[in-house]
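Q: Sharing a structure here in structure tokens format.
The values are calculated or read from the model by the stated rules, or taken from the named source; none is laboratory data. Values in this document were obtained by computation on a predicted structure and should not be read as measured data. All Cβ positions, even for glycine, are placed from backbone atoms using ideal geometry, and neighbour counts span all protein chains on display. Only protein heavy atoms, including side chains, enter the accessible area calculation; ligands, DNA and RNA are left aside. Shrake-Rupley method; radii C 1.70, N 1.55, O 1.52, S 1.80 Å.
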Amino acid sequence: MLDYSIGKVATVFTRVSILIIALSIFCGTILTSLLAPEEAQAIPAFARKYNTNCMDCHTAPPMLNAFGQRFLENGYQLPGTEDGGSTGKKKLGDLNLDDVNQYLGFRLVGNAVSSWGFNKQNPVGADAGVVENKAEFTFPNSFVLFAGGTVAENVGFMVELGHDVKEGGAEVERGFVTFNNIGSHNLAHLRVGKFDPNTFSSYATVRQQLGDVGESQKGGCTAPTPCAFNRVGLTPSAFATKFYGLYDRSGNGLSPFAASLYNSGHETGADVHGRPFGDWFLYQVGVVNGANEHLGDSNKGKDVYGMIRFDYAQSNFFSASMSGFVYQGNSNAKVRTSDDVNWNRYGLSARATYMMVDVYAAYSVDKINKTPTGVAGLFDSTATGLTIGADTYVTSQTLVSLRYDNLDAGGMLDQRKSASFIGVQAKHFLRANVAIFARSDFNLRQSEGGDTAARNLRNAFFSGIDVIF
Amino acid sequence: MRIRILLAIGAGFAMLSIASLANAVKPEDNQATREKGKQIYDRACLLCHGANGKGDGPAGWFIGRYESPRPRDFTGGSYKFRSTPSGELPMDQDLFRTVTQGIPGKMPPYGGLSEEERWQVIAYIKTLSQAFKGAKPTALVLPNPPGPPSDAGIENGRKTYIKYGCQNCHGDNGYGDGKEALDGNLKDTYGLMISPGDLTERASLKNGSSAQALYRSIMTGLDGTPMPSYADTIGGNDKDVWDLVYYILSLSQERQ
């Protein structure tokens, strides 16, 4: 009874808090938009270099439009050109700050306010171990410093140095060199380094309107102890690991809700892509260490992947594309025991953009081959993830996004919990490179009790800021 | 041996120079040139300007979103950046300049295409509008700027600025915050809102920020926008035009 009362008070308090926060954000947005200049002239590094606008390349940052995709594919050179970098040809002493700022960019993104409620609709005591049930003021906690561009004709590079306030330290999230237009224009572009393998598909992993919010685990995840999640990261389910009871080769538990394999966002290796038959068709083949391992990985057999993409981009402010990929793991994970397994992924993604409306989706199937006999009958070796998203401008500066996720989890039968959730976000661009947002995510499946963050999440509210310079 | 190497290097440079001069030659406007131009257009221009040149490419909507400018509709035969009188087609050189320099804040410069490729793509762009068939546009005579501006000349330019109502759109101090702009009365021919140039920020001057470029903009206007040609009004008084040009340039001097 006492627990119920406290829970009820807490629920009411949380609702009031969310309401106050939402009202504050709304009023703040209105006031700020009144004070902010109307002209949306963004100046991140590439826009500075080409003296142009963010919207040449983006539908709404960080999502790319068709022009931006071709710019990316061409190794940060304008589509149809092999213009290289005039700055790169200057002598070192001739470089000045104006030259440097054409290569350097900075992004700060994160939630200023987070509110999580896990157990409001669960049976009393069902979530005793879950502590992430609170509203909090935070500070945008992700800083990314990136440098990119071309150093010479057909030689490009990108380095993203990320710092997470909570985790501490800095890490090269992505860093690679590109050698472009090998053979002839658009025939083959080579990337070497640490990159997002999925960046050229119809639905790129690292370009989300509803970003990952970070996850929290309770207790250790050392095999065979199951991981317990206080909070899922709200990564698109199609990109997620999907399996419970899966470990990397070092024995670290892999979160079923974290991006992985082709969608990990940063794998180390090399790949080649190109459009040898014209603009309607893109190919990509690559080889990476796999399973989030870095240079000098323990996985002697590398993971390989291939992707093909069909494009339609002609006129009427319309473009569409469809992609299919195969990612073949090679002893890239473990299942409770020390035995290696092959963890593979196959998927489709599609995107259509018409004027202010952008619709995209991805579906993937993960399969574990060579499941150890020790877990026979205890382990589901197939899992699927579906993500459908849509963005639309409702005013010249406000973007509304909606995303649906369904994760049919695999892995250890006694641990796995499938999940479905939906997220909605309003993002207001004060300038093309400065946005504030408010977002809420909801579960769609009934709670089953226990420490199952995947289903116990009843409402997650965030508001924050996204700044790119 | 060393002399031979130097001679060989010299010969190489000479051949390169000849090759680059050859590239600089404008190719003849024939079927082959236009076909080559189409290939370049499809790779470099289509994504914004659209397959048929209507300015409706798949990436085109986002550039203007709800505000002008959208990518140029090549089928209409109306061009902002010209050296020809208002209402006329541009010279090839005008198109070449825009392709090469881009439009600050809107279109990236395509100097990365070779000179020959830029001429080829211009030959193709002209096929997208019937207006170019048989047309022979004539450029206005754009004189060289006179000597350095005097304080009296700049003061005269300020008076000219007010006399011809420039402040109605560009604002008293040139910030682009004139009454017409603030009232939302400025629209392009597509009905999209358009902002006047911020004369204090040279990088925002889309038709160029040199004295000659400003002179050209004043005399030709920017077709399809509320910026008219002043050739019939102030045009008869060259001194006033140059004083106005130097007054406009003085507005941005502190920010350079």
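Q: Among B:GLY171, B:PRO226, B:GLY208, whose Cα lies farthest out toward the positive end of the dipole of region B:151-255, if unit charges sit on the beta carbon of Lys, Arg (+1) and Asp, Glu (-1)?
A: Toward the positive end, the furthest listed residue is B:GLY208.
Q: Which links in B:LYS54/B:LYS136; B:LYS159/B:LYS239; A:LYS334/A:LYS367; A:LYS367/A:LYS417; B:LYS133/B:LYS206 stretch past 20 Å when you go from one Cα to the other?
A: The pairs that break the limit, which is 20 Å between Cα atoms, are B:LYS54/B:LYS136; B:LYS133/B:LYS206.
Q: What is the mean number of Cβ atoms from other protein chains located within 10 Å of the Cβ atom of each residue in peptide B:110-116, rounded to a whole number? If you can, show how the numbers build up before the last one.
A: Working: counts 6, 4, 11, 5, 2, 0, 0.
Mean partner shielding for this stretch: 4.
Q: Moving to a separate point now. Per residue and in cubic angstrom, what volume does the convex hull of the Cα atoms of region B:114-256 have? Before the final figure, lay out the partial values.
A: Values: hull volume 21.4 nm³, N = 143.
Roughly 150 Å³ of hull volume per residue.
Q: In the neighborhood of A:LEU161, defined by Cβ-to-Cβ distances under 10 Å, what is the net charge if each Lys or Arg adds +1 and each Asp or Glu adds -1?
A: Numbers: positive: A:ARG174; negative: A:GLU160, A:GLU171, A:GLU173.
In short, -2.
Q: Add +1 for every Lys or Arg and -1 for every Asp or Glu among the other residues with Cβ under 9 Å from the Cβ of B:GLU116, and state the total.
A: Neighbourhood net charge equals +1.
Q: Under the rule a/c < 1.5 gives rounded, and otherwise a/b versus b/c splits prolate from oblate, where does chain B land using the Cα gyration tensor?
A: Numbers: a/c = 2.03, a/b = 1.37, b/c = 1.48.
In terms of gyration-tensor shape, oblate.
Q: Classify region B:27-132 as rounded, prolate or oblate from the Cα gyration tensor: take a ≥ b ≥ c as the square roots of its eigenvalues, call it rounded if a/c is under 1.5, otherwise prolate when a/b beats b/c and oblate if not.
A: rounded
Q: For n ≥ 4 DSSP H runs only, could you compute -39500 (n - 2.57) per run for chain B, divide by its residues and tell me the 222 nm figure to the nearest 500?
A: Rounded to the nearest 500, the figure is -13000 deg cm²/dmol.
Q: Keeping all protein chains in place and using 1.4 angstrom, which order do A:LYS417, B:LYS239 fall into by accessible surface area, from largest down?
A: Largest to smallest exposure gives the sequence B:LYS239, A:LYS417.
Q: Using protein chains only and a probe of 1.4 angstrom, how many square angstrom of A:ARG207 are accessible, to the nearest 10?
A: 50 Å²
Q: With the solvent-accessible surface defined on protein heavy atoms using a 1.4 Å probe, which residues belonging to region A:346-388 display a reduction of at least 20 Å² in accessible area in the multichain context relative to the isolated chain?
A: Relative to the lone chain, where solvent access is computed with a 1.4 Å probe, region A:346-388 loses at least 20 Å² at A:MET355, A:MET356.
Q: For A:VAL434, what accessible area in Å² do you get when you roll a 1.4 Å probe over the heavy atoms of the protein chains, rounding to the nearest 10?
A: 20 Å²
Q: So if R0 is 22 Å, what FRET efficiency would A:ILE308 and B:ASN52 give, r being the distance between their Cβ atoms, rounded to the nearest 0.05?
A: Efficiency, rounded to the nearest 0.05: 0.20.
Q: Amide H of B:SER83 versus every other amide H placed in the peptide plane: which residues, excluding those fewer than 5 positions away on the same chain, fall under 5 Å?
A: So B:SER83 has HN proximity to B:MET91.
Q: Please give the net charge around A:PHE277, taking every other residue with its beta carbon less than 14 angstrom from that of A:PHE277, where Lys and Arg add +1 and Asp and Glu add -1.
A: That works out to 0.
Q: Say a site is exposed when it is one of the chymotrypsin sites (Phe, Trp or Tyr not before Pro), sits in a DSSP loop, and has at most 14 other Cβ atoms within 10 Å; what is then the longest site-free stretch of chain B? It would help to have the intermediate numbers written out before the result.
A: On the way: sites that count: B:TYR66, B:TYR190.
Of all site-free stretches, the longest is B:67-189.
Q: Could you tell me what % of all Cα pairs in region A:314-366 have separations over 15 Å? Intermediate results must be reported in sequence, preceding the final value.
A: Working: 841 of 1378 pairs.
For region A:314-366, the share of Cα pairs beyond 15 Å comes to 61 percent.
Q: Please list the non-local residues whose amide H lies under 5 Å from the amide H of A:PHE257, H modeled 1.01 Å from N, same-chain partners needing a gap of 5 or more.
A: A:THR241, A:LYS242
Q: I've got another one for you. Taking θ as phi - 60°, what are the ³J(HN,Hα) couplings along region A:258-271 by the Karplus curve (6.51, -1.76, 1.60), each to the nearest whole Hz, with x for Gly and Pro?
A: 9, 5, 7, 6, 4, 10, 5, x, 7, 10, 9, x, 8, 8
Q: Quick one: buried accessible area between B and A, total over both chains, 1.4 angstrom probe, nearest 100 Å²?
A: For chain B against chain A, roughly 2900 Å² becomes buried.
Q: Taking amide H positions as placed in the peptide plane 1.01 Å from N, state which residues far from A:LEU64 in sequence (5 or more) or on other chains have amide H under 5 Å from it.
A: Excluding prolines and chain starts, which carry no amide H, the hits are A:THR59.
Q: A:LEU386 accessible area, nearest 10 Å², 1.4 Å probe?
A: 50 Å²
Q: Also: Provide a list, ordered by number, of residues in region B:50-71 showing at least 30 Å² less accessible area with every protein chain present than when their chain is taken on its own, using a 1.4 Å probe.
A: For region B:50-71, once contacts with the other chains are taken into account, B:ALA51, B:ASP56, B:PRO58, B:ALA59, B:TRP61, B:PHE62, B:ILE63, B:ARG65, B:TYR66, B:GLU67 lose 30 Å² or more.
Q: Rolling a 1.4 Å sphere over the protein heavy atoms, what is the accessible area per residue of region B:27-132, to the nearest Å²?
A: On a per-residue basis, region B:27-132 sits at 35 Å².
Q: While we're looking at this one, here's another question. From the backbone phi of region A:308-318, what are the Karplus-calculated ³J(HN,Hα) couplings (6.51 cos²θ - 1.76 cosθ + 1.60, θ = phi - 60°) in whole Hz, Gly and Pro given as x?
A: My calculation for region A:308-318 gives 10, 9, 10, 10, 10, 8, 10, 7, 6, 6, 10 Hz in order.
Q: Of all accessible surface on region A:355-403 at a 1.4 Å probe, what whole percent is carbon and sulfur? Don't jump to the answer; show the numbers that get you there.
A: Working: 1360 of 1960 Å².
Roughly 69 percent, rounded to a whole number.
Q: Go through region B:68-76 residue by residue and turn each phi into a ³J(HN,Hα) via Karplus (6.51, -1.76, 1.60, θ = phi - 60°); whole Hz please, and just put x for glycine and proline.
A: 5, x, 8, x, 4, 8, 6, 7, x
Q: While we're looking at this one, here's another question. Accessible area per residue of region B:151-255 at 1.4 Å probe, in Å²?
A: Computed with neighbouring chains in place, this is 48 Å² per residue.
Q: Which helices, counted as full DSSP H runs in chain B, have an axial Cα extent of no less than 30 Å and a Kyte-Doolittle average of 1.0 or above? Write out the running numbers ahead of the final one.
A: Working: long enough: B:2-24 (33 Å, 1.47).
Qualifying helices: B:2-24.
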